[in-house]
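Step one of this worksheet: look at the structure below.
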Amino acid sequence: MDNCYDDSCKLPDLLEQLPQESFWDKPLYQWDGFWYRAYHLEAAMAFRSQFRPLQDDVFLASPMKTGTTWLKALCFSILQRQLDVDDDDDPIPESQAKKKIVDDEEDPLAKNHPAFYVKTLEVQVFTEKPPPDLSGMKSPRLFHTHLPYSALPDSINKSSNCKIVYIARNPKDTLVSMWHFFNKFRKPEQAPFPFDKAFECFCQGICLFGPFFDHVLQYWRESLKAPNKVLFLKYEDLKRDPKGEIKKLASFLERPFTKDKQVDEVIWRCSLDRLKNLEVNKNGVDPWVGVQNNVYFRAGIVGDWKNMFTAEMSEKLDQITQHKLEGSGLHLDEDT
Ligand code: A3P
């Protein structure tokens, strides 16, 4: 399998050799234990062979539908904040007070979806031929990937000081979020994909960039081995204690907050309520994925799975979760 990482690898030949499954009526290919669409796999190969990390790069990583967009907005705001916000706490004359308020006009997030600023490497960068030149990006460069840890280029996961921030979410809400998301890609005349089929696929580990538990566990174990390199966050923790979690995130990114009001501002800037009501996210289009930006902002509720799961489904996924995470020290409950 190792020689498939080689630039000369011809993807159609590779695809023929890979296990294939249907996911939302589209083919997924299993490569090195994880499931990909063909074009993601091709981009992943290009990413692996062509990406040259810088020592201060920051990579966000996530399974699908676990809070990627939120994490992109948060990390972008944290890294951006140092550049443009006056953190002085001194009283200011009223005439200048307006300038201190970071309003929609000043906030890049009000102009573009967070994915415009933090690109997903296998979706927005290495799908282009040739991939864009990334060397001119402002440092520290901020990227995102859905690739499992084991599929990252060695230059990132073994031999550099780049930081990785991972976000996980409880599997039930992840699946429900995924179900809503992929239904948006169906034609108007098509009924929603049957939820019980989606559930069975997920339980078998078949989902884009899955198996879910293997993905989460790879990053979890790396975060235990190298806590200064990999920060492991959970969606539920961010919802429960945004202040504490965002402070932790900022310190990890070496941009610690000195004042509570700075944290409050980032929380507000990146809140679901604010982002989903911005014009760009209500009516804009994601040119890379070909959907409305608004599909990335839905309910954001911990426990939304209760609207979709039967008692049997809940029990089955609880058992799988318990079995998969046993002995890992990781808990992915709603109430983490
Ligand atoms: P729901 O479908 O449960 O509402 P991703 O960004 O990885 O695709 O994840 C999407 C999920 O994150 C969706 O969950 C979405 O509503 C939620 N989300 C998006 N932006 C958010 C934000 N700023 N704060 C909290 N949740 C957010």
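The values are calculated or read from the model by the stated rules, or taken from the named source; none is laboratory data. Fair warning: this is a prediction, and the values are worked out from it, not measured in the lab. Neighbour counts are summed over all protein chains in view; Cβ atoms, including those assigned to glycine, are modelled from backbone coordinates with ideal geometry. We work out accessible area using only protein heavy atoms, side chains counted, and drop any ligands, DNA or RNA first. Shrake-Rupley method; radii C 1.70, N 1.55, O 1.52, S 1.80 Å.
Odds and ends about this structure:
- When the C-alpha to C-alpha distance is required to be over 25 Å, the pairs from Lys163/Lys282; Lys72/Lys261; Lys197/Lys306; Lys248/Lys282; Lys184/Lys247 that qualify are Lys163/Lys282; Lys248/Lys282; Lys184/Lys247.
- Sulfur and carbon atoms: percent of accessible area, the stretch 261-324 [1.4 Å]: 52
- Among the trypsin sites (Lys or Arg not before Pro) within the stretch 213-318, those in coil by DSSP and having at most 11 neighbouring Cβ atoms inside 10 Å are Lys259.
- Rounded to 0.05, the FRET efficiency of the His331 and Arg52 pair, given R0 = 35 Å and the Cβ-Cβ distance, is 0.40.
- Radius of gyration (Cα atoms) of the stretch 8-67, expressed as a multiple of 2.2 N^0.38 Å: 1.32.
- 18 Å reach of a label modelled at Ala191, 7 Å along Cα-to-Cβ, counting backbone N of the stretch 302-319: 308-310
- Range in the chain, longest, excluding exposed GluC sites (Glu not before Pro) [loop by DSSP; at most 10 other beta-carbon atoms within 10 Å]: 190-325
- Computed with a 1.4 Å probe over protein heavy atoms only, the accessible surface of the stretch 56-325 comes to 46 Å² per residue.
- The fraction of accessible area contributed by carbon and sulfur in the stretch 198-243 is 50 percent, rounded to a whole number (1.4 Å probe; ligands and nucleic acids excluded).
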